[in-house]
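S.K.: Here you go, one structure.
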Amino acid sequence: MPRPASLFDEPSPGPSQPISWVTAHCDGGARGNPGPAGFGAVMTDAKGNVLAELSGFLGAKTNNVAEYSGLLACLEWALDEGHPHLRVVSDSELMVKQIQGKYKVKSPDLRPLFDEAKRRIALLRRFEISHALRHKNKDADRLANEAMDRGMGKMPSTAPASTAGTAQPPAAGTVLRGFARDGTIHLLGGASLPDGAFVKIIPE
């Protein structure tokens, strides 16, 4: 199959010319699977300078659809901004291995997203994708959660500044909001509870 026409079909840099890579740390998530979903990405140059932060709310989608949406946003940005060499770092092992050709794409929901990602990748001069654990993708994860907060009509959660002394736990009967992910309840607004506290959970 012939390679699609690319925006970057001019000659590649010679051996003595360094390649100017852009790195994209991207993430996607859903509160529920499916549930309110969003993606986030941080684009940096070869020196680590932030070129752009991307995020978007997707409505009710699955985690995997959100991960692919983050990848597609990174590819679109690189093409629109004229960056022909893109490295993507994602904490979605499934998506990374599917793009690398190590896993098959069996989901009918993911197939069109995969096909579109491969089409955009073919327009770049060089492309790499690798897997990283979530703690190495913190900023992208933060942007994805902020996108979900915006879409759900909530302010992005922020951690309180550290202060001297011990924070007092909320009084009994205080209503705290949060969301469930991977079997764990994450409280919004920087709220916290002491170990051993009993709670009543009411799904919204």
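S.K.: Under the Kirkwood approximation for Rh and a Cα-based Rg, what ratio Rg/Rh is obtained for region 108-151?
M.R.: Here Rg/Rh amounts to 1.08.
S.K.: How big, on average over all directions, is the shadow cast by the Cα convex hull of region 75-131, in nm²?
M.R.: Here the figure is 3.8 nm², rounded to one decimal.
S.K.: If you don't mind, there's one more thing I want to ask. Tell me the label-point distance for the pair Tyr103, Ser20, using the 7 Å Cα-to-Cβ offset, in nm and rounded to one decimal.
M.R.: 3.5
S.K.: At a 1.4 Å probe radius, which order do His131, His85, His25 fall into by accessible area, largest first?
M.R.: His131, His25, His85
S.K.: Which residues' amide hydrogens lie under 5 Å from the amide hydrogen of Lys61, considering only partners 5 or more residues apart or on another chain, with H built in the peptide plane?
M.R.: Gly35, Ala37
S.K.: Whole-Hz ³J(HN,Hα) for each residue in region 78-88, computed from phi via Karplus 6.51 cos²θ - 1.76 cosθ + 1.60 with θ = phi - 60°, x for glycine and proline: what do you get?
M.R.: With the stated coefficients, region 78-88 comes to 4, 5, 5, 8, x, 10, x, 10, 10, 10, 10 Hz.
S.K.: What Rg and what Dmax come out for region 17-59 when only alpha-carbon atoms are used, in angstroms?
M.R.: When restricted to the Cα atoms of region 17-59, Rg and Dmax are 14.0, 47 Å.
S.K.: Tell me, what ³J(HN,Hα) does each residue in region 116-126 have, in order and in whole Hz, if you take phi through Karplus 6.51 cos²θ - 1.76 cosθ + 1.60 with θ = phi - 60° and put x for Gly and Pro?
M.R.: 5, 4, 5, 5, 5, 4, 5, 7, 7, 7, 9
S.K.: Also, quick follow-up: Heavy atoms of the protein only, probe of 1.4 Å, neighbouring chains included. What is the accessible area of Ile129 in Å², nearest 10?
M.R.: 20
The values are calculated or read from the model by the stated rules, or taken from the named source; none is laboratory data. In this text, all values refer to a predicted model and were calculated from it rather than measured experimentally. Positions of Cβ are generated from backbone atoms using ideal geometry, with glycine treated the same way; all protein chains shown enter the neighbour counts. For the accessible areas, the whole protein counts, side chains as well, though only heavy atoms, and no ligand, DNA or RNA atoms are used. Shrake-Rupley method; radii C 1.70, N 1.55, O 1.52, S 1.80 Å.
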